[in-house]
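Student: The structure that follows is given in the form of structure tokens.
Just so you know, all these numbers are worked out from the coordinates, no wet-lab data involved. Just so it is clear, the model here is predicted, and its values are computed rather than measured. FYI the Cβ positions are ideal-geometry reconstructions off the backbone, even for glycines, and counts take in every protein chain you see.
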Amino acid sequence: MPGFSGGLDEIAELPLTEKDELRATRTVDNPFGAHFCAEPGELVRIYSTSGTTGSPSYIPLTAGDLENWVTGSARSYAASGVQPGQRIVSTYNAGPFVAGAALASFDRIGLTHIPVGTGNTERLLQAIETLNPQAAVLTPSYAAYLAENADLRGSSVQRVLVAGEPGGGEPAFRARLEEGWGARVTEAMGIGDIGVSLWGECEEQDGMHLGARGFVHAELIDPENGAAIGLEDGASGELVLTHLQHRAAPLLRFRTRDHVVVKTAACPCGRTGPRIRCVGRTDDMLIVRGVNVFPSAIREVVGSFAPAVSGNVLVKPRTPGVKQDPPLPVAVELAPDGAVDAETIRARLREVLVVQTAVELVPWGTLRRSEYKSTLVER
Ligand SMILES: [Zn+2]
């Protein structure tokens, strides 16, 4: 292309890469897709995505790729303040999934890692009680589930590291987790095709720093038209990531579908990487009479009514698809002895998110809890 020097300043001149494009180029001979560019014998690992939509994608890594993943993840998790020699209990089923590389980063930090896997609450509580870990890593939904169902305030856990879905950065949700665990909550985030735990929050709890700096280049775009948005303080848009050092299956301007807000002001922790907060998945977004609404943003606004509400919400679109006619029905669960006026919540949602909702208050315990990831929208 004329005048293109190949520098990152000009990267927005290049086309975006969509997940579907990767799928479309997979063949019997090349199950990874056309972006695979290593020799098959160089691979040390092939992870799978969880395949919630369609068949799983395979993610190949060379030894160098895996090394960089673990390094970036270790930086992100170390930002939380966990120290070498401390114990961390993890609840991810690594198995075929990229989370395995995140777990390897605990060894790199020098932590004593206690893996207990997913969906075994009894084993987890037993491990916390017996082995006294200083940290626990889990999804925010599972952290909330445990805080409701167990008395953790007196436990040894001082740091709860959450990842796997948005939520850990929502002030009201975070406050609920910190109250329930008697611990500090920080979040981390990655995306399988690019890398695990690319981002991790420091003790300032003011957004996740780019731990994978030097391995990954971050950009923002307008999800509607793909136009580049400058990485300036307060900017928001869809996160687009480019591999800088990846060998096996490098991606250029990959659309993550994560909608984020950027913070670039100096962080007192001294880390200079840009920070983000994930507002939600572009895939979960609804458009109510022209207004973009993320279910997680609804949860955040509703959460500000705690302790009257439990913090659990369920958005119930009346029609399939993204576009919705107002009012958008939202079930809001009350706390055990909570009392609040539905109209007050409706007015606050209208004020903050500029969306017309129909708020229905439901009693404590009505909405389903998750031991993995939450569903905020009833489809
Ligand atoms: Zn910081």
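Student: Just how large is the dipole of the stretch 274-379 about the Cα centre, in debye to the nearest 20, putting +1 at every Lys and Arg Cβ and -1 at every Asp and Glu Cβ?
Tutor: In total the dipole reaches around 400 debye.
Student: Determine the shape class of the stretch 191-275: with a ≥ b ≥ c the square roots of the Cα gyration tensor eigenvalues, call it rounded for a/c under 1.5, and otherwise prolate if a/b is greater than b/c, oblate otherwise.
Tutor: Oblate.
Student: What distance in nm lies between label points placed 7 Å from Cα along the C-beta direction at residue 206 and residue 45?
Tutor: The modelled label-to-label distance comes out at 3.3 nm.
Student: With the contact rule set at Cα under 8 Å and sequence spacing of 6 or more, what percent relative contact order holds for the chain?
Tutor: After rounding, I find 13 percent.
Student: Let me have the 222 nm mean residue ellipticity of the chain computed from DSSP H runs of 4+ only, each contributing -39500 (n - 2.57), with the sum over all residues rounded to the nearest 500.
Tutor: Roughly -7000 deg cm²/dmol at 222 nm, from the helical runs in the chain.
Student: Write down Rg/Rh for the stretch 1-140, rounded to two decimals, with Rg from the C-alpha atoms and Rh from the Kirkwood relation over Cα pairs.
Tutor: Over the Cα atoms of the stretch 1-140, Rg/Rh equals 1.07.
Student: State the volume of the convex hull built on the alpha-carbon positions of the stretch 239-293, expressed per residue in Å³ and rounded to an integer.
Tutor: Hull volume over Cα atoms, normalised by residue count, gives 120 Å³.
Student: Between residue 304 and residue 29, what's the calculated FRET efficiency when r is the beta-carbon distance and R0 is 45 Å? Round to 0.05.
Tutor: 0.25
Student: Same structure, new question: Could you work out which residue, out of 182, 85, 167, moves most in a Gaussian network model of the chain, that is, has the largest mean-square fluctuation with Cα springs under 10 Å?
Tutor: Comparing 182, 85, 167 in the GNM, the peak value goes to 85.
Student: Still on this model: When DSSP beta bridges are limited to those with both residues in the stretch 27-179, what percentage is antiparallel, rounded to the nearest 5?
Tutor: Close to 30 percent.
Student: Return the percentage of antiparallel bridges among DSSP beta bridges fully within the chain, rounded to the nearest 5 %.
Tutor: Counting only bridges with both partners in the chain, antiparallel ones make up about 60 percent.
Student: Give, in nm to one decimal, the length gained when the segment between residue 266 and residue 227 is fully stretched (0.36 nm per residue of separation minus the Cα-Cα distance).
Tutor: Fully extending the segment from residue 266 to residue 227 adds 11.4 nm.
Student: Report, to one decimal in Å, the Kirkwood hydrodynamic radius for the stretch 73-192 based on all distinct Cα pairs.
Tutor: This gives a value of 14.0 Å.
Student: Could you bin all the Cα-Cα distances of the stretch 307-359 into 10 Å bins starting at 0 and give me the percent of pairs in each, rounded to whole numbers?
Tutor: Calculated P(r), rounded to whole percents: 24, 52, 21, 3.
Student: What's the Cα-based Rg to Rh of the stretch 263-311, Rh via Kirkwood?
Tutor: Ratio value, two decimals: 1.13.
Student: Moving on. Identify which of 49, 256, 130 has the largest mean-square fluctuation in a Gaussian network model of the chain, with springs joining Cα atoms closer than 10 Å.
Tutor: 130
Student: Over the C-alpha atoms of the chain, what are the Rg and the largest Cα-to-Cα span, Dmax, in Å?
Tutor: 20.9, 67
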